[in-house]
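Take a look at the structure set out below.
Derivation of every value follows stated rules applied to the coordinates shown; laboratory data play no part. Computed from a prediction, not measured in an experiment: that's the story for all the values here. Note that each Cβ is placed from the backbone with ideal geometry, even for glycine, and that neighbours are counted across all protein chains shown.
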Amino acid sequence: MEKNENDLTQEEDSQVVKGTTRRGFLSTMGKIAAAAGLLGSGAGMEALSGCAKAPTSTASVPASVAKALVAPGKWDKYMGFWSGGPSGEVRVKGIPSMKTLLRIPVFNNDTGRGYGLTGDDQSEKMLQDAGGYYEGDTHHPHLSYTDGDFNGKYLYINDKSAGRIARIRLDYFQTDAITALPNVSAVHGLATQRYPKTGYVFAASEFEVPMPNDGRDIVPTGNNAAQTKNYWTLLSAVDGETMAVKWQVMVDGNQDNMTTDYKGLYVAATCYNADKGWNVPTMTKPPVAWAVFVNIPRVEAAVKAGKYKTIGKSSVPVLDGRHGSDLTYYVPVEKDPHGISPTPDGKYFVANGKLAPKVTVIDLEKVFKEKNPKDAVAAVLTVGVGPLHTVYDGRGNAYTTLFVDSQMVKWNIEDAIKAYNGDKKVKPIIQKLDVQYQPGHNAATQSDTNKPTGEWLVSLNKFSKDRFLPVGPRFPENDQLIDISGHKMVLVSDNPVYIEPHQATIALADRIKYVKKVYDPKYFANHVAGGTEGVKRIGPHRVIVKLTGVAPILTPVYFHVKEGDIVTVIYSNNDSVENLAHGFNMTMHGKNINIDPGETKEVTFTADRAGVYWYFCTIFCHALHLEMRGRMIVEKVPGYRSRPIKPNRLSGKPSFDERFKDFPEVGKA
Ligand code: CUK
Ligand code: CUA
């Protein structure tokens, strides 16, 4: 009988950890990639075989595990902000418990929070104004800074899909602004200015497109470089307070991830497509790409001096930062660098080679100074196969994810520089720890600041494979918590997570210091005071309903409208008790919102079918929560073509998913 991949004996299971069975499978994937020329030269293969011998630390670790326990009623020391990949949202977690505290809708539609297309008018309008898309791909969450440390005001997040960036305010933990960037495709990298403050929010567009992308420069496709010759990407700078785009810099190649320094001088983006290729072979051909540094003071001076153009209908200044410009500096990095991040001492940027098994340490004292940008490289260190992202503990050590090797590698920065300069005695690599599996980003406590605490590290793994109960073909992904307070990394916990734990940033909880518990009603111009509720017709087909909720009383408990009326409900939650939210769901009209204490929200829908429709509270607010409901009475209008009732509801027949038509019954396969 053939052996099922999931049926491991205990002995085999321990071999997985040692890297001989399941890990071998993942390494094979890496070898296939290497054979396809994706991992560079023999160095990649060397590191691949090295992986099987890597030490493991998943043995008994009760002390660290106990340290990570957060007892009932106790709070976590750290707050982490996770992007949600194609879920389009942001998540808030407690560290080290790894418990999810909140999900914040950003680019998506969220019926739980009553946000977006089926939610309140304000969030729907915000998404409409930013393009009218109700999905997004969130990659890189970054907090706002003052003097190199988190100031607790905002979190910014990109949407790769529609080229947008959003801001979440960290008093109410709500998305409050979305900016659609002009003339870009696929905003991938996002970075916030760290000094003196945020300041700028930077965004790197990844996909090269004609400028403007309005049908020009479309040459016949084929096997030649001419087709992408006039495609470009832009590095955008947005004002973190006004969320307006201030300027954009056109660069060569494409852009992947980006970061900022601790002096407010530079923003840098990695490039994985130096030749502007259009398929895998042409994108991965150049043996060396780069990190492009943008000199912020020089760009500001050039904007002031009017040395820019605009593109298409956009009025945003665009500066030329392609090779030869004094606004930019291209530091070569093997092979297709991916993540880039500043060391907490402010001295270096570390760029991760992705298709080269190496990290490159760039000396920030030397950028824009060395005539040959090659000379700004302080060290190149071979770390293992598929290095993607690096974080820090503040004690001189770096932690890099190895996607193909499925490992976290701990290395010392100054030792890497010594070894690069010929010191044969130092051993920069301290430890390699197996993670399960294929880590993308990692995040360490306060690592994104000049005050890292070096306590906890999280590996955000794309695969979980055998770590959790099977739940169908779509496995959970896996955030693994690692104790980095000692010399050796120690794996502490596995945490299944919903699509997709893309990147995280972790702050000391006391940095997030403006958190509010109730809204102040005076900030809502449309606040409905108790006693002023009612229905008002403001046009032939336009009705405003003012409504209040004070648990468990909803006022009014009925209102009349006419078929075809466009109805806006303005709902004020006049409970000022903390944690006392109400929901408002208009049955059979596709709208659901929720209203936090002190908050006012609006929701608009068309009353397009005569009848009685109850509206009800969806948040469990009171012992009489179920009784917190009322009626919208829609009067028949002769001649009005009301919304038809779907045939399934008339016939009582179920609706089936056509995909499963020819599948055997469950259990009979
Ligand atoms: S980055 Cu977005 S896909 Cu965050 Cu590692 Cu590669
Ligand atoms: Cu109000 Cu439930």
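How big is the antiparallel share of DSSP beta bridges in the chain, given as a percent to the nearest 5?
Beta bridges within the chain, antiparallel portion: roughly 90 percent.
How far is it, in nm, from the label point at Ala71 to the one at Gln227 when both lie 7 Å from their Cα along the line to the Cβ?
Here the modelled spin labels are 6.4 nm apart.
Given a Förster radius of 45 Å and the C-beta distance between Glu300 and Leu101 as r, what FRET efficiency does 1/(1 + (r/R0)^6) yield to the nearest 0.05?
The pair Glu300/Leu101 has a calculated efficiency of 0.70.
Normalise the Cα radius of gyration of the chain by 2.2 N^0.38 Å (N = residues in it) and let me know the number.
1.05
Among Trp232, Trp614, rank each residue by its count of other Cβ atoms within 10 Å, from fewest to most, as a rough exposure measure.
Exposure proxy ranking, most exposed first: Trp614, Trp232.
I need the GluC sites (Glu not before Pro) found in the stretch 335-430, filtered to DSSP loop residues with at most 13 other beta carbons within 10 Å of theirs.
Passing sites in the stretch 335-430 are Glu365.
Quick check on packing: order 435-447, 557-569 by the mean number of other C-beta atoms within 10 Å, highest mean leading.
In descending order of packing, they fall as 435-447, 557-569.
Could you list log10 I(q)/I(0) for the stretch 229-382 at q = 0.12, 0.16, 0.18, 0.21 Å⁻¹, which the Debye formula gives when each Cα is one point scatterer?
-0.50, -0.88, -1.09, -1.38
In debye to the nearest 20, how big a dipole does the chain give about its Cα centre with +1 on each Lys and Arg Cβ and -1 on each Asp and Glu Cβ?
Taking the Cα centre of the chain as origin, the dipole is about 520 debye.
Which whole-angstrom value gives the distance between the alpha carbon centres of the stretch 375-434 and the stretch 264-331?
One Cα centre to the other: 28 Å.
Using label points projected 7 Å from each Cα along Cα→Cβ, tell me how many nm separate Val219 and Ile430, to one decimal.
Placing both labels 7 Å beyond Cα along the Cβ direction yields 5.1 nm.
Which of Val90, Val359 has the fewest other C-beta atoms within 10 Å, and how do the rest follow up to the most?
Val90, Val359
Which entries in Lys462/Lys488; Lys427/Lys488; Lys246/Lys516; Lys347/Lys425; Lys335/Lys427; Lys369/Lys425 show an alpha-carbon gap greater than 26 Å?
Lys246/Lys516; Lys369/Lys425
Taking 0.36 nm per residue of separation and subtracting the Cα-Cα distance, what length does fully extending Arg169 through Asp345 add?
Net length gain for the segment: 60.5 nm.
Residue farthest toward the positive end of the dipole of the chain, with Cβ of Lys/Arg at +1 and Asp/Glu at -1: which of Leu355, Ser87, Leu235?
With unit charges placed on the Cβ atoms, the residue in question is Leu235.
Please rank Leu102, Leu554, fewest neighbouring Cβ atoms within 10 Å first, as an exposure proxy.
Final ranking by Cβ density, sparse to dense: Leu102, Leu554.
Using mean Cβ contacts within 10 Å as the protection proxy, how do 618-624, 544-550 order, highest first?
Peptide ranking by packing, descending: 544-550, 618-624.
How high is the FRET efficiency between Lys451 and Leu117 when r is their beta carbon distance and R₀ equals 45 Å, given to the nearest 0.05?
After rounding, the FRET efficiency stands at 0.65.
Using alpha carbon centroids, what distance separates the stretch 345-360 and the stretch 205-224, in Å?
Between the Cα centre of the stretch 345-360 and that of the stretch 205-224, the gap is 31 Å.
Work out the FRET efficiency for Thr282 and Glu365 from their Cβ-Cβ distance, taking R0 = 41 Å, and round it to the nearest 0.05.
Rounded to the nearest 0.05, the efficiency is 0.70.
Taking 7 Å along the Cα-to-C-beta vector as the label spot, tell me the Asp320-Ile645 distance in nanometres, rounded to one decimal.
Placing both labels 7 Å along Cα→Cβ, they lie 6.8 nm apart.
Ranking request for peptides 577-589, 176-188: highest mean number of other beta-carbon atoms within 10 Å first, then the rest in descending order.
176-188, 577-589
Karplus couplings for the stretch 141-150 from phi (6.51 cos²θ - 1.76 cosθ + 1.60, θ = phi - 60°), rounded to Hz, Gly and Pro as x?
After applying 6.51 cos²θ - 1.76 cosθ + 1.60, I find x, 9, 7, 7, 10, 10, 6, x, 10, 5 Hz.
Rounded, prolate or oblate, given the Cα gyration tensor of the stretch 327-407, with a/c below 1.5 counting as rounded?
In terms of gyration-tensor shape, oblate.
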